[in-house]
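Following: one structure in structure tokens, then a few remarks.
The values are calculated or read from the model by the stated rules, or taken from the named source; none is laboratory data. Quick caveat: nothing in here was measured; it's all calculated off a predicted structure. Please note: Cβ atoms are built from the backbone with ideal geometry, for glycine as well, and neighbour counts cover all protein chains shown. For the accessible areas, the whole protein counts, side chains as well, though only heavy atoms, and no ligand, DNA or RNA atoms are used. Shrake-Rupley method; radii C 1.70, N 1.55, O 1.52, S 1.80 Å.
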Amino acid sequence: MLQAPRGRIHSLANFYWESFHNTSRYRVNSSSFKPLASNYGIEGGYSRRWTRRPMTTRTDGRNKTNQAAKPSNLVRKTLDEKVSRSTALNLNKTEEISEHQQLQNCCIQQKIAENKDLLDLVTFIIYDTETSGFSRKDDRIIEIALQDLSGGENSTFQTLVNPGRDIANHRVHGITTDMACRPDVPRMEELIPILLQFVKSRQKPGGYVLWGGHNSLTFDLPFLINEFDRCSYEIPPNWLFMDTLSLARELVKSRGSDSNRPSGTSLKALREHYKIPLVGEEHRAMSDVRTLATILQMLTFDLKLTLPNLVTRSFTASEYVNNKRKKS
């Protein structure tokens, strides 16, 4: 499956292969795709304690009062050229700012997809969250897990998060109030600087981070945006998000009435379709991340998608918020 066809690569298979087996360009040598426990989180049977202490960080996702991160010179030059062609808009000042920002986001995604040098700057992270309930407004993230598909040392990040409230839907994921609401479990305001540090440590210099999650457009991303906003942080503008649920729907549609098609588009249906063994507990963040990392390889292979194809399907957090405001 991971063998590349002759000529131009028609899927992400060799991207995974090169990333997992040639990580020495960016990280320490790693000869296999084996997720390693992060120094930042608590995974499985690990029993590391979180120590409460003042934290300082100079990350791209700094507090809202700080200046936003700047794109690379190459992207900034391209953006300036693009934006200069679109100044004849008869809008008020607020609308002009929103339009300008959306144009920048669109241009970033387009240039990453078209430019090979920019393509090398993309870090692909699979992520998943578990929450205290299903209300985007009132409930909180209680677990988060990440996996950098380039592999290498410390390529995963996982931890419980103290929501400071009862967990009503513990039957879904098995995370009880007693498990998460403990002094040694970090609250979100303590975790965000550490999360930003981890992502920055995986990010290539001057590069971009592509976040992939299943059903993330209606679940994980809204929760993430709300948590960052509640803690007075901004999601970095060089983070792009894509939803693998759209790929699953595309696959089911392309197979039609074929017997060799998934029974559905859920993570469980896809895992069973591709005969992927379950590692860990179902509906736990790290288990779902590992499952999705494998499913994504299968989906992109079957749909003959490249990394640029996925980038063009992505969106920034600000794009998501602006689109939600327009619809409402």
Answer yes or no as to whether ILE192 is in a helix (DSSP H, G or I) and open to solvent by less than 10 Å² (accessible area, probe 1.4 Å).
yes
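Against the condition assigned to a loop (DSSP other than H, G, I, E, B) and within 30 Å of GLN297 (Cα to Cα), how does GLY164 come out, does it pass?
It is false that GLY164 is assigned to a loop (DSSP other than H, G, I, E, B) and within 30 Å of GLN297 (Cα to Cα).
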Cβ-Cβ under 6 Å, sequence separation 6+ or interchain: first residue in the range 169-187 and in a strand (DSSP E or B), partner not charged (D, E, K, R). Which pairs?
ARG187/ASN162
Lone unmet requirement of (1) more than 24 Å from ASP229 (Cα to Cα); (2) of a type in the set (Asp, Glu); (3) assigned to a strand (DSSP E or B) for GLU143
(1)
Check on LYS200, out of contact with any Cys (no Cβ under 7 Å at 6 or more places or on another chain) and free of Cβ contacts under 8 Å to residues at least 24 places away in the same chain
no
Condition test on SER232, is it in contact (Cβ under 8 Å) with a residue 40 or more places away in the chain and either of a type in the set (A, V, I, L, M, F, W, C) or farther than 17 Å from ALA145 by Cα (or both)?
yes
Scan the range 284-305 for residues that are surrounded by fewer than 18 Cβ atoms within 10 Å (Cβ to Cβ) and assigned to a loop (DSSP other than H, G, I, E, B) and report the count.
1
Any hit, the range 259-266, residues being within 15 Å of the chain's Cα centre (by Cα), farther than 21 Å from GLY164 by Cα and either without any contact (Cβ under 8 Å) to a residue 12 or more places away in the chain or open to solvent by 30 Å² or more (accessible area, probe 1.4 Å) (or both):
no
Hey, GLU234 open to solvent by 20 Å² or more (accessible area, probe 1.4 Å), touching a Gly at 6+ places or on another chain (Cβ under 9 Å) and at pLDDT 95 or above or not
yes
